[in-house]
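Colleague: Below: one structure in structure tokens.
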Amino acid sequence: MQSTNTETPAHALAPKDEYEHAINRSEHLPQAKNISEMVLDAFNTTGESEKIRELRAAIRKAMDDTDDDRAHELMGELKQIKDIEQANATALEDLSSRFSISQILHNFRNDPAFENIIYGLALKVLNHTHLAMKEPGGKAKASRPKKEMEVFTLSNGEVSLPFPIRVGRPAANLSQDGEAFALLGFSIEMDEEEKEVLVPAVFTDSHGVEHVATRKSIATAIQEQTAFAGCTLA
């Protein structure tokens, strides 16, 4: 019988880090990983404006075309929009400080837009789970649109660099984003298996919680302002 690596790490991890550990290291079936990523995608893209998504796509294209000037120009536009949205986020922070998330969700339970998100996601999970369970032996991957790579602009003082959230095989090639990692205080070394690794391999946030250093965990910490003081993402 196939074993599943769901052991609890030596240090207690936050739910986000437990998920990162499971999605990257465990033997969960590909279909299960696809469905879990689909759930996250639904919420991670819901709050982002269409203009920002268009700019991210344009930055990806400029990077693919090795058009550095255009990429930096677009990153400047992206930062301006993010600054405006950050001002709007202040009102939401005030709301969350006065009401619990359960109260906020309860208040919006009958909002048509909220219903569209929840029931649309429930339908996707239902359909994809059905397909995954129909496959003999669970070997075939459930169909899922290819996830587009997120590209952020990492800034620290006067320095701004692209910081792509690469996934899959491209994520293992750390040196392609070596300048960005160096700006964050990391170096890149080869382990005993001749694979590139970040040094240090973990970082500790402002709450004293230790996180495995991955592109996604680093980006989340910067966005939540819990680590990497002085750095911003747009």
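Colleague: Mind checking whether some residue in the range 123-134 is in the same structural domain as GLY230 (by TED's automatic domain parsing) and at pLDDT below 75?
Modeller: No - not one qualifying residue is present in the range 123-134.
Colleague: May I ask you to list the residues in the range 147-172 that are out of contact with any strand residue (DSSP E or B) (no Cβ under 8 Å at 6 or more places or on another chain) and within 21 Å of GLU196 (Cα to Cα)?
Modeller: Keep residues of the range 147-172 that are out of contact with any strand residue (DSSP E or B) (no Cβ under 8 Å at 6 or more places or on another chain), which gives 147-148, 157-159, 166-171.
Correct list: ARG166, VAL167, GLY168, ARG169, PRO170, ALA171.
Colleague: Could you list, in sequence order, the residues of the range 220-231 that are in contact (Cβ under 8 Å) with a residue 24 or more places away in the chain and surrounded by fewer than 19 Cβ atoms within 10 Å (Cβ to Cβ)?
Modeller: Our first condition is that a residue be in contact (Cβ under 8 Å) with a residue 24 or more places away in the chain; within the range 220-231, this holds for 220, 222, 227-228, 230-231.
The answer is GLY230, and nothing else.
Colleague: Can you report the number of residues in the range 70-95 which are small (Gly, Ala, Ser) and surrounded by 11 or more Cβ atoms within 10 Å (Cβ to Cβ)?
Modeller: Total satisfying the criteria: 3.
Colleague: Hey, can you tell me all the residues within the range 205-231 that are within 15 Å of ALA182 (Cα to Cα) and of a type in the set (S, T, N, Q)?
Modeller: Scanning the range 205-231 gives a single hit, THR214.
The values are calculated or read from the model by the stated rules, or taken from the named source; none is laboratory data. Bear in mind that the values here come from a model prediction, so they are computed numbers and not experimental data. Cβ coordinates were reconstructed from backbone atoms using ideal geometry, including for glycine residues, and neighbour counts include every protein chain displayed.
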